[in-house]
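Comments concern the structure below.
The values are calculated or read from the model by the stated rules, or taken from the named source; none is laboratory data. Model, not experiment: these values are computed from the prediction. Glycine gets a Cβ as well: all are built from the backbone with ideal geometry, and neighbour counts include every protein chain shown.
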Amino acid sequence: MADGRWLMADSFSPRMTVEHFTLAPGMAAEIIAHTRAGYPEEVCGIIAGRHDVGVALYRGRNVSPAPRVAYELDVETLARQIAFEDEGLTLAAIYHSHPAGPETPSPADVAKAFYPESVHIICSLADPRRSRLRGFRIVNGQVQEVGLG
Ligand SMILES: [Zn+2]
């Protein structure tokens, strides 16, 4: 699943083959800061972007009933995309944290990935001294890593 290749190459369109996503300066640090602030619960948020470049980050609220092991973005944060889509931006990425788990999608993350055109960024604090960020494209249950820069 994490070998960097699609398992079902015929199930996606060319515009979903993005393999790299550029975070604006400070965005990685902001995701890590949010992750640390929310510990031991998972945190989540969204990144508005243009093509493969993140432009603006919005912290969301995790409204999952089990926030230590799952995340669910609040509707107010998701509704922000109406405003930024008016400015020509898209919901380029969704981030969430794994306070104690690896920086790879959990089975629930894959099953509940409702935004195939958004990069899913996961921040892990499993090693408290060294937070880790990785990006993934999740489409129809298939996972492909997206390089973050
Ligand atoms: Zn997760």
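The residue of the stretch 40-54 that is nearest to Gly147 (Cα to Cα), among those that are among the hydrophobic types (A, V, I, L, M, F, W, C) and crowded, with 17+ Cβ neighbours inside 10 Å, is Ile47. Based on this model, can you work out whether Val143 counts as of a type in the set (A, V, I, L, M) and either more than 14 Å from the ligand (Cβ to nearest atom) or outside any strand (DSSP E or B) (or both)? Here the answer is no, as Val143 does not meet what is asked.
Criterion applied to Met27, Met16 was being under 21 Å from Val53 (Cβ atoms) and at pLDDT 95 or above, and the one residue passing it is Met27. Here is a check on your reading of the model: is Gly101 in a strand (DSSP E or B) and touching a residue at least 12 places away in the same chain (Cβ under 8 Å)? Considered against the rule, which asks whether it is in a strand (DSSP E or B) and touching a residue at least 12 places away in the same chain (Cβ under 8 Å), Gly101 comes out as no. Which residues, counting only those in the stretch 128-142, are within 22 Å of Ile32 (Cβ to Cβ) and out of contact with any Ser or Thr (no Cβ under 6 Å at 6 or more places or on another chain)? Once the filter is applied, which keeps residues that are within 22 Å of Ile32 (Cβ to Cβ) and out of contact with any Ser or Thr (no Cβ under 6 Å at 6 or more places or on another chain), the stretch 128-142 yields Pro128, Arg129, Arg130, Ser131, Leu133, Arg134, Gly135, Phe136, Arg137, Ile138.
Kindly indicate the residue of the stretch 79-122 that is within 12 Å of the ligand (Cβ to nearest atom) and polar (S, T, N, Q) and also surrounded by the most Cβ atoms within 10 Å (Cβ to Cβ) among those meeting that condition.
Looking only at the stretch 79-122, we keep the residues that are within 12 Å of the ligand (Cβ to nearest atom), and these are 94-113, 120-122.
Applying the additional criterion that residues be polar (S, T, N, Q) yields 97, 104, 106.
On the way: Ser97: 30, Thr104: 17, Ser106: 15.
Ranking the candidates gives Ser97 first.
Taken over the stretch 40-78, residues that are within 15 Å of the ligand (Cβ to nearest atom) and among the acidic types (Asp, Glu) amount to 3.
Residues of the stretch 123-138 include none that is part of a loop (DSSP other than H, G, I, E, B) and within 10 Å of the ligand (Cβ to nearest atom).
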